[in-house]
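Trainee: Quick one: this structure, given as structure tokens, is what I'll be asking you about.
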Amino acid sequence: MRVVLWAALLWTGIGLFFASQIYLMRPGIPWFVPLLIAMPHWYAWGLITPGVLWADKRLSAGRSLAARVAWHVPLGIGWTSFLIAALFLLLRTRATFVQFFLQTVYWDLVIYAVIVGVAIARDLAAQAALRE
């Protein structure tokens, strides 16, 4: 339960950080508008991160770092596409799906890469600690 609480705090903090950026870039809009834009996106990432980490754990077993990273290319496209489709259905924007996809896919692929990068770095640090 503690892990869930910390994860919720992490994703809330990230969402508030990016909502504040939207708020500061668009003077005069009420605070709830940036929250409505940013929070669903970051909470969606928070919800699928356990699945991403589970898939990474399955990939890491007996594979080289290069093979592990290579497997994340199609997985990253798949997870990111799933998230964008879910957000499109949830948010009901005025944009078409293609417009919404193209507006978000590049940033979301970076988010996926950061999540996986942190997981890989954590595993490599644990392996180095064991060797010492």
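The values are calculated or read from the model by the stated rules, or taken from the named source; none is laboratory data. Small disclaimer: the values here were computed from a predicted structure and weren't measured. With ideal geometry, Cβ positions are generated from the backbone for all residues, glycine too; neighbour counts draw on all protein chains shown.
Trainee: Kindly indicate the residue of the range 107-132 that is closer than 15 Å to residue 65 by Cβ and among the β-branched types (Val, Ile, Thr) and also surrounded by the fewest Cβ atoms within 10 Å (Cβ to Cβ) among those meeting that condition.
Mentor: The selected residue is 118.
Trainee: Suppose the filter is in contact with an Asp or Glu (Cβ under 9 Å, 6 or more places away or on another chain) and at pLDDT 95 or above; does residue 11 pass it?
Mentor: no
Trainee: Can you tell me which of 86, 119, 55 is in contact with an Asp or Glu (Cβ under 6 Å, 6 or more places away or on another chain) and within 21 Å of residue 4 (Cβ to Cβ)? Before the answer, list the steps.
Mentor: Details: 86 fails: in contact with an Asp or Glu (Cβ under 6 Å, 6 or more places away or on another chain); 55 fails: in contact with an Asp or Glu (Cβ under 6 Å, 6 or more places away or on another chain).
Being in contact with an Asp or Glu (Cβ under 6 Å, 6 or more places away or on another chain) and within 21 Å of residue 4 (Cβ to Cβ) holds for just one of 86, 119, 55, which is 119.
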